[in-house]
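Q: Please see the structure below; I have some questions.
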(Lines give C-alpha, C1' and ligand atoms only; values in the text may rest on other atoms or scores of the structure.)
Protein backbone atom coordinates (compact mmCIF):
# COMPACT_ATOMS: atom_id res chain seq x y z
CA UNK A 1 0.00 0.00 0.00
CA UNK A 2 1.33 3.42 -0.96
CA UNK A 3 0.60 6.41 1.25
CA UNK A 4 -0.48 9.62 -0.45
CA UNK A 5 -2.28 12.84 0.31
CA UNK A 6 -5.10 14.97 -1.05
CA UNK A 7 -3.72 17.69 -3.33
CA UNK A 8 -5.72 20.56 -4.82
CA UNK A 9 -5.41 21.20 -8.54
CA UNK A 10 -3.91 24.69 -8.42
CA UNK A 11 -1.24 26.94 -9.94
CA UNK A 12 -2.18 25.91 -13.45
CA UNK A 13 -1.28 22.30 -12.68
CA UNK A 14 2.16 22.90 -11.11
CA UNK A 15 0.96 21.81 -7.69
CA UNK A 16 2.99 18.86 -6.39
CA UNK A 17 5.67 20.48 -4.22
CA UNK A 18 3.62 19.96 -1.05
CA UNK A 19 3.25 16.25 -1.77
CA UNK A 20 7.03 15.92 -1.90
CA UNK A 21 7.39 18.08 1.22
CA UNK A 22 5.44 15.41 3.08
CA UNK A 23 7.87 12.78 1.79
CA UNK A 24 5.17 11.16 -0.35
CA UNK A 25 5.12 9.98 -3.94
CA UNK A 26 1.43 9.89 -4.78
CA UNK A 27 -1.68 11.99 -4.36
CA UNK A 28 -5.33 12.28 -5.22
CA UNK A 29 -5.78 15.41 -7.33
CA UNK A 30 -8.89 17.34 -6.29
CA UNK A 31 -10.84 20.17 -7.89
CA UNK A 32 -14.41 21.44 -7.77
CA UNK A 33 -13.94 23.52 -10.91
CA UNK A 34 -14.44 21.56 -14.14
CA UNK A 35 -13.25 24.62 -16.10
CA UNK A 36 -9.74 23.55 -15.05
CA UNK A 37 -10.12 20.28 -16.97
CA UNK A 38 -8.31 21.62 -20.04
CA UNK A 39 -5.64 20.09 -22.29
CA UNK A 40 -3.23 22.85 -21.31
CA UNK A 41 -3.57 22.22 -17.58
CA UNK A 42 -3.43 18.46 -18.17
CA UNK A 43 -0.13 18.87 -20.00
CA UNK A 44 1.26 20.92 -17.10
CA UNK A 45 0.08 18.31 -14.59
CA UNK A 46 1.80 15.52 -16.51
CA UNK A 47 5.05 17.48 -16.82
CA UNK A 48 5.16 18.64 -13.20
CA UNK A 49 4.12 15.31 -11.73
CA UNK A 50 6.94 13.62 -13.63
CA UNK A 51 9.42 16.33 -12.58
CA UNK A 52 8.45 16.01 -8.91
CA UNK A 53 8.20 12.22 -8.91
CA UNK A 54 4.51 12.20 -7.93
CA UNK A 55 1.95 9.72 -9.20
CA UNK A 56 -1.67 10.88 -9.47
CA UNK A 57 -3.66 7.98 -8.02
CA UNK A 58 -7.03 9.40 -9.14
CA UNK A 59 -8.83 12.64 -9.97
CA UNK A 60 -11.48 13.71 -7.47
CA UNK A 61 -13.90 15.65 -9.63
CA UNK A 62 -16.27 18.13 -8.08
CA UNK A 63 -19.42 19.54 -9.62
CA UNK A 64 -21.24 22.88 -9.98
CA UNK A 65 -24.09 24.01 -7.78
CA UNK A 66 -24.66 23.92 -4.03
CA UNK A 67 -23.22 21.28 -1.72
CA UNK A 68 -24.29 21.09 1.92
CA UNK A 69 -22.57 18.46 4.07
CA UNK A 70 -25.39 17.73 6.49
CA UNK A 71 -28.52 15.64 6.82
CA UNK A 72 -31.01 18.44 6.22
CA UNK A 73 -29.88 20.01 2.94
CA UNK A 74 -27.42 17.35 1.83
CA UNK A 75 -30.00 15.07 0.20
CA UNK A 76 -31.19 17.91 -2.05
CA UNK A 77 -27.77 19.36 -2.95
CA UNK A 78 -25.15 16.62 -3.18
CA UNK A 79 -23.98 14.58 -6.14
CA UNK A 80 -26.10 13.20 -8.96
CA UNK A 81 -29.21 12.66 -6.86
CA UNK A 82 -30.83 16.16 -7.05
CA UNK A 83 -32.64 16.14 -10.38
CA UNK A 84 -32.34 19.90 -10.97
CA UNK A 85 -28.52 19.76 -10.96
CA UNK A 86 -28.07 16.35 -12.55
CA UNK A 87 -27.48 17.25 -16.20
CA UNK A 88 -24.79 19.86 -15.55
CA UNK A 89 -23.05 17.59 -13.05
CA UNK A 90 -23.03 14.67 -15.46
CA UNK A 91 -21.44 17.02 -17.99
CA UNK A 92 -18.85 18.16 -15.45
CA UNK A 93 -17.90 14.60 -14.56
CA UNK A 94 -17.53 13.75 -18.22
CA UNK A 95 -15.01 16.57 -18.48
CA UNK A 96 -13.13 15.12 -15.53
CA UNK A 97 -13.12 11.75 -17.29
CA UNK A 98 -11.29 13.26 -20.24
CA UNK A 99 -8.92 15.10 -17.92
CA UNK A 100 -8.10 11.95 -15.95
CA UNK A 101 -7.29 10.15 -19.18
CA UNK A 102 -5.14 13.05 -20.37
CA UNK A 103 -2.96 13.00 -17.23
CA UNK A 104 -2.76 9.22 -17.04
CA UNK A 105 -4.83 8.86 -13.85
CA UNK A 106 -6.73 5.59 -13.49
CA UNK A 107 -10.11 6.94 -12.36
CA UNK A 108 -12.47 9.78 -11.53
CA UNK A 109 -13.90 9.89 -8.01
CA UNK A 110 -16.85 11.84 -6.70
CA UNK A 111 -19.70 11.77 -4.19
CA UNK A 112 -22.78 10.38 -5.93
CA UNK A 113 -24.97 11.83 -3.17
CA UNK A 114 -27.70 10.38 -0.97
CA UNK A 115 -28.51 7.50 -3.32
CA UNK A 116 -31.99 6.20 -2.36
CA UNK A 117 -31.67 3.18 -0.10
CA UNK A 118 -35.11 1.99 -1.12
CA UNK A 119 -34.69 0.44 -4.57
CA UNK A 120 -38.40 1.03 -5.30
CA UNK A 121 -38.02 4.80 -4.77
CA UNK A 122 -39.15 6.40 -8.05
CA UNK A 123 -36.01 8.58 -8.04
CA UNK A 124 -33.67 5.58 -7.93
CA UNK A 125 -33.75 4.60 -11.65
CA UNK A 126 -32.86 8.14 -12.72
CA UNK A 127 -29.87 8.20 -10.37
CA UNK A 128 -28.69 4.85 -11.73
CA UNK A 129 -29.04 6.13 -15.30
CA UNK A 130 -27.02 9.26 -14.50
CA UNK A 131 -24.26 7.24 -12.86
CA UNK A 132 -24.23 4.89 -15.84
CA UNK A 133 -23.87 7.81 -18.24
CA UNK A 134 -20.83 9.09 -16.35
CA UNK A 135 -19.38 5.59 -16.00
CA UNK A 136 -19.74 4.95 -19.73
CA UNK A 137 -17.95 8.22 -20.48
CA UNK A 138 -15.16 7.17 -18.12
CA UNK A 139 -15.00 3.78 -19.79
CA UNK A 140 -14.72 5.36 -23.23
CA UNK A 141 -11.75 7.31 -21.88
CA UNK A 142 -10.16 4.20 -20.42
CA UNK A 143 -10.64 5.19 -16.77
CA UNK A 144 -12.72 3.98 -13.86
CA UNK A 145 -15.51 5.76 -12.00
CA UNK A 146 -15.25 5.37 -8.25
CA UNK A 147 -17.76 6.32 -5.55
CA UNK A 148 -16.47 8.02 -2.43
CA UNK A 149 -18.37 6.54 0.51
CA UNK A 150 -20.35 8.82 2.75
CA UNK A 151 -24.00 9.43 2.07
CA UNK A 152 -24.93 5.82 1.23
CA UNK A 153 -25.01 2.60 3.20
CA UNK A 154 -22.56 -0.02 1.94
CA UNK A 155 -25.33 -2.25 0.62
CA UNK A 156 -26.83 0.67 -1.33
CA UNK A 157 -23.46 1.20 -3.01
CA UNK A 158 -23.17 -2.50 -3.77
CA UNK A 159 -26.67 -2.61 -5.27
CA UNK A 160 -25.97 0.46 -7.39
CA UNK A 161 -22.71 -0.96 -8.73
CA UNK A 162 -24.62 -4.09 -9.70
CA UNK A 163 -27.43 -2.09 -11.34
CA UNK A 164 -25.11 0.19 -13.34
CA UNK A 165 -23.07 -2.76 -14.51
CA UNK A 166 -20.46 -1.01 -16.67
CA UNK A 167 -17.54 -2.99 -15.28
CA UNK A 168 -15.38 0.04 -14.46
CA UNK A 169 -16.97 1.04 -11.17
CA UNK A 170 -15.13 1.02 -7.88
CA UNK A 171 -15.12 2.51 -4.41
CA UNK A 172 -12.94 5.15 -2.81
CA UNK A 173 -13.49 4.01 0.76
CA UNK A 174 -13.67 6.94 3.15
CA UNK A 175 -13.99 5.11 6.47
CA UNK A 176 -14.43 8.31 8.43
CA UNK A 177 -17.43 9.27 6.30
CA UNK A 178 -19.13 5.96 7.07
CA UNK A 179 -18.73 6.85 10.75
CA UNK A 180 -19.54 10.57 10.48
CA UNK A 181 -22.71 9.92 8.45
CA UNK A 182 -23.65 7.03 10.73
CA UNK A 183 -23.82 4.69 7.74
CA UNK A 184 -21.78 1.79 9.04
CA UNK A 185 -18.71 0.38 10.73
CA UNK A 186 -15.83 0.69 8.25
CA UNK A 187 -14.28 -2.69 9.03
CA UNK A 188 -17.58 -4.53 8.78
CA UNK A 189 -18.43 -2.60 5.59
CA UNK A 190 -15.56 -4.39 3.87
CA UNK A 191 -17.56 -7.62 4.10
CA UNK A 192 -20.10 -5.95 1.79
CA UNK A 193 -18.03 -3.75 -0.53
CA UNK A 194 -14.43 -4.81 0.09
CA UNK A 195 -13.92 -6.38 -3.33
CA UNK A 196 -14.82 -3.07 -4.98
CA UNK A 197 -12.46 -0.85 -2.95
CA UNK A 198 -9.79 0.71 -5.18
CA UNK A 199 -8.29 3.26 -2.83
CA UNK A 200 -8.90 4.65 0.64
CA UNK A 201 -9.15 8.06 2.26
CA UNK A 202 -7.09 7.88 5.42
CA UNK A 203 -9.32 10.04 7.58
CA UNK A 204 -10.85 9.62 11.02
CA UNK A 205 -14.10 10.77 12.57
CA UNK A 206 -16.75 10.20 15.22
CA UNK A 207 -20.39 9.21 15.02
CA UNK A 208 -23.20 11.79 14.88
CA UNK A 209 -24.76 12.91 18.15
CA UNK A 210 -27.42 14.99 16.37
CA UNK A 211 -29.99 13.99 13.81
CA UNK A 212 -29.22 17.07 11.72
CA UNK A 213 -25.43 17.21 11.66
CA UNK A 214 -22.60 14.87 10.78
CA UNK A 215 -20.19 13.62 13.38
CA UNK A 216 -16.91 15.55 13.57
CA UNK A 217 -13.78 14.79 11.59
CA UNK A 218 -10.70 14.36 13.81
CA UNK A 219 -7.02 13.54 13.45
CA UNK A 220 -6.22 9.95 12.52
CA UNK A 221 -6.20 7.73 15.59
CA UNK A 222 -8.54 9.98 17.58
CA UNK A 223 -11.83 8.77 16.10
CA UNK A 224 -13.89 5.62 15.69
CA UNK A 225 -12.52 4.24 12.40
CA UNK A 226 -10.17 1.76 14.06
CA UNK A 227 -7.27 1.88 11.63
CA UNK A 228 -5.34 -1.13 12.98
CA UNK A 229 -8.31 -3.42 12.31
CA UNK A 230 -9.12 -1.67 9.02
CA UNK A 231 -5.59 -2.04 7.63
CA UNK A 232 -5.47 -5.66 8.75
CA UNK A 233 -8.75 -6.43 6.97
CA UNK A 234 -7.63 -4.63 3.81
CA UNK A 235 -4.50 -6.79 3.82
CA UNK A 236 -6.64 -9.91 4.17
CA UNK A 237 -8.61 -8.82 1.10
CA UNK A 238 -5.42 -8.35 -0.91
CA UNK A 239 -5.88 -4.58 -1.20
CA UNK A 240 -2.91 -2.97 -2.96
CA UNK A 241 -4.28 0.52 -3.56
CA UNK A 242 -3.40 3.82 -1.94
CA UNK A 243 -4.09 5.25 1.49
CA UNK A 244 -4.75 8.92 0.72
CA UNK A 245 -4.50 11.11 3.80
CA UNK A 246 -7.29 13.67 4.12
CA UNK A 247 -7.40 16.17 6.98
CA UNK A 248 -10.21 18.67 6.55
CA UNK A 249 -8.74 21.61 8.45
CA UNK A 250 -6.29 24.28 7.31
CA UNK A 251 -3.02 25.82 8.39
CA UNK A 252 -0.10 24.56 10.41
CA UNK A 253 -2.19 22.08 12.40
CA UNK A 254 -3.28 20.38 9.20
CA UNK A 255 0.35 19.91 8.15
CA UNK A 256 1.29 18.55 11.58
CA UNK A 257 -1.62 16.12 11.53
CA UNK A 258 -0.72 14.92 8.01
CA UNK A 259 2.90 14.28 9.02
CA UNK A 260 1.74 12.40 12.11
CA UNK A 261 -0.66 10.37 9.94
CA UNK A 262 2.17 9.39 7.59
CA UNK A 263 4.17 7.97 10.50
CA UNK A 264 1.12 6.27 11.99
CA UNK A 265 0.11 4.60 8.73
CA UNK A 266 3.65 3.50 7.87
CA UNK A 267 3.87 1.73 11.22
CA UNK A 268 0.53 -0.05 10.60
CA UNK A 269 1.47 -1.11 7.08
CA UNK A 270 4.80 -2.50 8.26
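Q: Provide a single number: the residues in the range 11-29 that are loosely packed, with under 15 Cβ neighbours inside 10 Å and more than 23 Å from residue 268 (Cβ to Cβ).
A: The qualifying residues number 3.
Q: With crowded, with 16+ Cβ neighbours inside 10 Å and within 15 Å of the chain's Cα centre (by Cα) as the only criterion, which of 32, 69 stands out?
A: None of the others qualify; the one that does is 69.
Q: Please go through the range 122-134 and pick out each residue that is touching a helix residue (DSSP H, G or I) at 6+ places or on another chain (Cβ under 7 Å), buried (at least 24 other Cβ atoms within 10 Å of the Cβ) and over 17 Å from residue 34 (Cα atoms).
A: Answer for the range 122-134, where residues must be touching a helix residue (DSSP H, G or I) at 6+ places or on another chain (Cβ under 7 Å), buried (at least 24 other Cβ atoms within 10 Å of the Cβ) and over 17 Å from residue 34 (Cα atoms): just 131.
Q: For residue 151, work out the one condition from (1) at pLDDT 95 or above; (2) surrounded by fewer than 21 Cβ atoms within 10 Å (Cβ to Cβ) it doesn't fulfil.
A: For residue 151, the failing item is (2).
Q: Can you pull out every residue in the range 136-165 that is in a helix (DSSP H, G or I) and within 15 Å of the chain's Cα centre (by Cα)? Walk me through it before giving the result.
A: Just the residues of the range 136-165 that are in a helix (DSSP H, G or I), to begin with: 136-140, 154-164.
Scanning the range 136-165 gives 154, 157.
Q: A further question on this structure: Which one is surrounded by the fewest Cβ atoms within 10 Å (Cβ to Cβ) among residues in the range 229-270 that are touching a helix residue (DSSP H, G or I) at 6+ places or on another chain (Cβ under 6 Å) and more than 16 Å from residue 197 (Cβ to Cβ)?
A: From the range 229-270, those touching a helix residue (DSSP H, G or I) at 6+ places or on another chain (Cβ under 6 Å) are 229-231, 233, 237, 243, 245, 247, 268; that's our starting set.
Subset that is more than 16 Å from residue 197 (Cβ to Cβ): 245, 247, 268.
Values: 245: 26, 247: 22, 268: 18.
Going through the qualifying residues, I end up with 268.
Q: If you go through the range 83-121 one residue at a time, how many are touching a residue at least 24 places away in the same chain (Cβ under 8 Å), surrounded by fewer than 20 Cβ atoms within 10 Å (Cβ to Cβ) and within 22 Å of residue 156 (Cα to Cα)?
A: 4
Q: Pick from 215, 226: which is touching a residue at least 24 places away in the same chain (Cβ under 8 Å), within 25 Å of residue 72 (Cα to Cα) and surrounded by fewer than 20 Cβ atoms within 10 Å (Cβ to Cβ)?
A: Exactly one residue qualifies, and that residue is 215.
Q: At least 2 residues that are more than 26 Å from residue 130 (Cα to Cα) and at pLDDT 95 or above in each: list the strands (runs of 3 or more DSSP E) lying fully within the range 166-260 that qualify.
A: Because the criterion is at least 2 residues that are more than 26 Å from residue 130 (Cα to Cα) and at pLDDT 95 or above, the strands (runs of 3 or more DSSP E) in the range 166-260 that meet it are 242-245.
The values are calculated or read from the model by the stated rules, or taken from the named source; none is laboratory data. The model shown is predicted, which means the values in this text are computed figures rather than measured ones. For neighbour counting, all protein chains shown are included, and Cβ atoms are generated from backbone atoms with ideal geometry for every residue, glycine included.
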